[in-house]
Amino acid sequence: MNDRGGRLLNRYFLYLVLLNMFVNVIIFVPKILIEYRYEGAVMGVVIAVPIGMALTYLYSTAMNQFPEQGLPEIVEQGKHRKLTILFFGTIQFMWFTAGLITLIGFIDILSRFVNPEMPKLGLLGIYLAGIFLIIQLPTQRIMYFLEIVLLINIPLISLIIFKAFINEYLSWDSILEVGTHIFTRPSLKAVAAATYCFSGYMNLIIFNRLIRGKLKIWNFTAILFLGLFNLFTTFLIPIGFHGSDGAQEYLYPWISTSDSLRLVYSPIERAIFLFLMFYMSITLVSVSVHWHVAYELIKGMFKGKISKKKNGLILGYFTVLAVLGVIYFNSLLLNRLTVYWMIFRLGVEIVIVAGFVLWARRRTT
Amino acid sequence: MRLTSKWKLSFNIFLTFMLLSGCGFKDIDKRFFVVSIGVDLAKNSSKKYLVSLKFAVPKTTRESPAEYQIVSEEANSISEAVRIIKTKVDKEIDFSHTKVILLGEELVKRRGNAGVNYWFVRRRDVQSIAWIAVGKPSALAVLKVKPTSEYFPSNALFLALGKDGSETPYVISEFMYDFKFRAIERGIDPVLPIIKAKKDFLEINTVGLFNKSKMLLELQPEETKMLNFFLNREEKSSLWGKKGQTNMIVNTEKVKSKYKIYTPKGKRPYIQFDVSVDGVLEETTKRIANKQLSKYEKVIGKQFSKEALRVLRKIQKAGLDPVGFGLRYRSRHFNDNDWKEWQRIYPTIDFKVHTKVQISDTGLIE
Amino acid sequence: MPSNKVIAIRESLKSKLQPSEDLVFKEKFTKEKYLEVLYIKTISDEVVLHENVVKPFFETDSPEDFLNYLQSHAQIKAYENEQKAIDDVLRGEAVLFYQDHVFLFDCKVDRNNAVLDTTVETTIQGPQSGFSESLPVNLGLIRHRYPHTSLMVESTEVGRLSKTKVMILHDSKFADPVTVKRIKKFLGEVNIDMLETGEQLFDSLKKSNRALFPLMLVTERPDRVAVNLSNGKVIILVQGSPYAVILPTVMKDLMSSMEDIYQSYWIAKFLQLLRYTAFNVSMILPGLYVAISSYNPEVFRVQLALSIAGSRTGIPYPSFVEVLLMLFMMELLIEASIRLPKAIGPTATTVGGLILGQAAAEAGLASNIMTVIVSFVAISNFVIPINAFSFTIRVLKYFILLLSTLFGLVGVVLGFFMIIAYMVKLDSFGEAFLSALQSKPGKQ
């Protein structure tokens, strides 16, 4: 049981990382990378891989010392109650904004490509209904849900990526042309955006509750290869379709790329609809995972079980900010803001990982 | 009491949903699908363009013939034209099934139509995988042609350009996104097929070559076939060769072309083309013994190389680059001014073509 | 008086057979003789036993004569070893302890004629008989298929007024004791006046008493019960109902037919795939039609879009009304054909399905494509092997239809995943409803 459990649950760790890799398309990672393609994005990606892997490795092995415990359970016995509350109150905002940017970004995409005449608040409404249903589930159940969503969707996304790679209109020369700019000094923005692909490990702060066995080396190897492949696809496939000079003109490079794929024998000829349907569910589960972490961190600020009223207040806080976000951020502003958010996030991640690793070492020795 | 308030809340939420949503609900029979768009220059008018939309009229039974309606309008921009056309039709205009965009011959020969090209890309409901082509003598004339085999409007165009139907090397079809890619990317130029309107059929066997803003050169059918081989788009084709008194025709099954740009120090730079052709002997005027086959292969290869060289030089002379030599050069050089270098090199570059023909079969007889 | 050896055998048998409700141990005396009988009354025929053993016992005077009688009786054989004796007792034989001899008397009861044929969960191959409406017979049927000492049978009463007798069965070797305890606790707390059949417990499973998903499997097949017992499930039998309840139930149980183990591997896999496809089709298709035809016609190919537009021409109301109307008609047809006498049922379906559908399209009330979709939905709904679950899907499609009417394609996709999230939330006595690591019939 132990061995089987270990192997089984390490799969969960992979899912969390994979989820972030998928969702980077919504959160403007390709857009940022393509924008800086001549100004250091290639080198940025190359640098981001070791940074992302190092952070993943350090953080998850440190977390691994507390099997089946999330951060709220780990610090529960701690003495500095007030400090904990302050800490949780601050960092939950990182997860909340991560989910929020994804949500606003995707609602913008939906209102552009799928429901152009529907008010964005309507789309937000149905998304919030789904998200609130999911984030209140126990952590274990959210993982089940994530697993099912990935299981349903991975064939779909593999088909689309496969179709993109074998497309005769994919210009490898354009991809190589961008590759020739590898020796340009890396830009911080590109590094920050590229590391987002790896930052799914941060969700372990809560989801460590499910990680029973030791994380094995193949987990990290898999993440390394998936990350490389993901960054390559995210960054360079749109360039192969829309050109090294032209790709940056698109607001959502990947959505436009999926619109460039024609499925000759499928009943749905335009791959963009398969792609959007895939992202409808991926966005739902990704925002849910991020907000579940935020939700659990806020819950960790209170002692014991929280009352129905407090639960309502937390959800109300999520709702109000989401509604404001959808009203005030158009996609251009959101895009610009996300660039700075990415840099900020990278900084916070490094601080959290460094702090946690040091703290965990002191506690265990 | 508690229960009623809970119900009230849910009811209110439901009501809000009803108010917020439901917009955009428009039944499929209230939409008028545009299957193809034609843009021409306006004649005898102060306006700039003549925009024609070809609408498909849905068939109510399976037996009824394919019907369509073409509405044209002169305006200074496409969006203006569409707005005026909206007032002329009874249903909502829906561009989501627009699969062919035709640009009039006159229009593409004039400089500076970026606004037209970009309108299609910017609109979310026009597919990126719509085909784009040049209409000759005008886009409207092509739209008006109704081949008898058509069972819904513009289907003949879809089949010809989509290669679901006939597969021929004389058609180089082009998607809108790829056209835009070529129109922007430095080092590769757009190519559009030219569709000629005949009485009740359409003829597609030539292409027009563009620089970044207008059509400069029109290739002949045989040259189009050559360009197709350079682009590696279509492999099923036929080659023709002559040795002494014997004419022969080879049906190709596989045509692969590769090229490499050489810039030796102090010498003239050249592009080495390697083409390999795999085919079946289809027709000869005389019996050819299997032993002599290799001789004939060489003859066809030589003839092919000669023809290829002529087409490449013709394109080079026009200063165009549909194959993407410039892009290849850029992608193999790490310096930042590679594009400037290439612009200097290209007009003087030399071509070398080597063709390897292999006839794998002579059909059922020798 | 019995010798020590016989006493030892008797005690060992009694302890091995575990105190089941239907286990009978009787002692009979006359002046000279002393006889003990051990049997399970639900599967042994007491009349036969009385005629062949008890009556002669009282009629014969000398102990030797009775011993001779026993030894010569055709249906009585000598005791060989303990395991065989237990097996025979579980198949309906009685153990006789007389003097220092032990005999086995074959008084099995043959109840095959008493049971009903399966009508709801029919299979092409495999056993064709179901349960009867009598509790002891049903228990007997299960015992026939599951002759093991570890089968535990307990009984309780449920229903404030009806005081219906309910039996709880499980295999103590396989069942999880925590789950068994939970189920017993649940049965003790059921708040219901009249319990007539196991299906009534559906609603009691949820705190709110309003359940949409069947979190228990109700079956009419003894073979399914036996297979599930070997998978560690708990069975509830209710007096007067020809259905057994299997707990805990996960989605995979609801989607499995007994055919899965009676068919060869790949065929069973294919059938399962078919069922899951049907599940999705019948849930999503009506909503998808509305979403695509009224919000995003660009999803179709142009040919299909034009032919749908053509067939909808002249229909005086929006697509969702059209779908609702046709679905309503279909639901009426289904309900009607359940109520109608068996002889008329098929006729009504044919008349309704074929003629009404055709006529509705002809009259311009619904498009041809809509008629195809509705029949597709109805047919795929019946592919679901467990009836209770197919009813759930019948309701769920309206949820998706509502969301698709309001939100288009987004509504369909999110509605589908919301239903999945809800199913993930559910659990049946501690086992997650969508658990991937669940028992399969026929596999341990």
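Each part gets one Cα centre, and for segment B:206-232 versus segment C:241-289 those centres are 58 Å apart.
Each label point was placed 7 Å from the Cα along the Cα-to-Cβ direction; for B:TYR151 and C:GLU64 their separation is 10.1 nm. Each residue, A:ARG363 and C:ALA78, gets one label point 7 Å from its Cα in the Cβ direction; the gap between the two is 7.4 nm. Note: relative contact order over chain B, using C-alpha pairs below 8 Å and six or more positions apart, is 12 percent. Under 5 Å from the amide H of B:GLU253 lie the amide H atoms of B:ASP278, B:GLY279, B:VAL280, each residue being 5 or more positions distant or on a separate chain, with H modelled from the backbone and absent for Pro and chain starts. Each Lys and Arg contributes +1 and each Asp and Glu -1, all at the Cβ; summed about the Cα centre of the protein assembly as shown, the dipole is approximately 5180 debye. Placing +1 on the Cβ of every Lys and Arg and -1 on the Cβ of every Asp and Glu, with nothing else charged, gives chain C a dipole about its Cα centre of roughly 1340 debye.
So what is the relative contact order of segment B:220-366, in percent, for Cα pairs below 8 Å that sit 6 or more residues apart? All intermediate terms of the calculation are to be shown ahead of the outcome.
Values: 227 pairs, mean separation 44.6, N = 147.
Relative contact order for segment B:220-366 comes out at 30 percent.
The slack in the chain from C:LEU325 to C:ASP117, taken as 0.36 nm per residue of separation less the alpha-carbon distance, amounts to 71.2 nm.
Sorted fewest first by neighbouring Cβ atoms within 10 angstrom, B:LYS47, B:LYS340, B:LYS265 come out as B:LYS265, B:LYS340, B:LYS47. The HN-Hα couplings worked out from phi for segment A:57-74 by the Karplus form 6.51 cos²θ - 1.76 cosθ + 1.60 (θ = phi - 60°) are 5, 4, 5, 6, 5, 5, 5, 4, 6, 10, x, 6, 10, x, 4, x, 6, 5 Hz, whole numbers, x standing for Gly and Pro. Footprinting exposure proxy ranking of B:PHE158, A:PHE162, fewest other C-beta atoms within 10 angstrom first, gives A:PHE162, B:PHE158. In the structure shown, the pairs B:LYS88/B:LYS109; B:LYS302/B:LYS340; C:LYS173/C:LYS252; B:LYS88/B:LYS144; C:LYS108/C:LYS163 are assessed against 25 Å; a Cα-Cα span above that value is assigned to B:LYS88/B:LYS109; B:LYS302/B:LYS340; C:LYS108/C:LYS163. Each Cα pair under 8 Å and six or more residues apart adds its separation to the average, and for chain A the resulting relative contact order is 39 percent. The phi torsions of segment C:225-242, fed into the Karplus equation with coefficients 6.51, -1.76 and 1.60 and a -60° offset, translate into couplings of 4, 4, 4, 5, 4, 6, 9, x, 8, 10, 10, 10, 10, 10, 4, x, 10, x Hz, rounded to whole numbers, with Gly and Pro shown as x. Can you tell me which lysines have their Cα less than 17 Å from the Cα of B:LYS260? Leave out same-chain residues fewer than eight positions away. Output for B:LYS260: B:LYS352, B:LYS356. With label points built 7 Å along Cα→Cβ from the Cα atoms of A:GLN69 and C:LEU354, find their separation and express it in nm. So the label points at A:GLN69 and C:LEU354 sit 7.2 nm apart. Karplus-based coupling profile of segment B:48-58, in residue order and whole Hz: 8, 10, 10, 9, 10, 10, 9, 9, 8, 9, x, with θ = phi - 60° in 6.51 cos²θ - 1.76 cosθ + 1.60 and x standing for Gly or Pro. The fewest-to-most ranking of B:HIS354, B:HIS333 by surrounding Cβ atoms within 10 Å reads B:HIS354, B:HIS333. Bridging of B:LYS86 to lysines at a Cα separation below 17 Å is possible for B:LYS26, B:LYS30, B:LYS54, once same-chain residues fewer than 8 apart are set aside. Here segment C:385-413 and segment B:247-316 have alpha carbon centers that stand 61 Å from each other.
Taking 32 Å as the limit for the C-alpha separation, the pairs B:LYS225/B:LYS291; C:LYS5/C:LYS41; A:LYS31/A:LYS305 exceed it in the case of A:LYS31/A:LYS305.
Our note on the geometry: Cα centres of segment A:289-332 and segment A:101-140, 15 Å apart. Check each of the GluC sites (Glu not before Pro) in segment A:265-365 and keep only those in coil by DSSP with at most 12 other C-beta atoms within 10 angstrom; list them in order. For GluC sites (Glu not before Pro) across segment A:265-365 that sit outside H, G, I, E and B with at most 12 neighbouring Cβ atoms in 10 Å, the list is empty. Positive-end ranking of B:PHE55, A:ILE157, A:LEU236 along the dipole of the protein assembly as shown, with charges on Cβ about the Cα centre, is headed by A:LEU236.
Springs join every pair of Cα atoms under 10 Å in this Gaussian network model of chain A, and among A:TYR252, A:TYR340, A:TYR328 the largest mean-square fluctuation is at A:TYR328.
Residues whose amide H falls under 5 Å from that of B:PHE32, counting only those 5 or more places apart or on a different chain, are B:GLU92, B:ILE93, B:ASP94, with hydrogens built in the peptide plane.
For A:LYS214, a cut-off of 17 angstrom between C-alpha atoms picks up these aspartates and glutamates, skipping any fewer than 8 places away in its own chain: A:ASP3, A:GLU68.
Each reported figure results from applying straightforward, stated rules to the coordinates on display, with no laboratory input. Remember, predicted model here, so these are calculated numbers, not experimental data. Note that we place each Cβ from the backbone using ideal geometry, even for glycine, and neighbour counts take in every protein chain shown.
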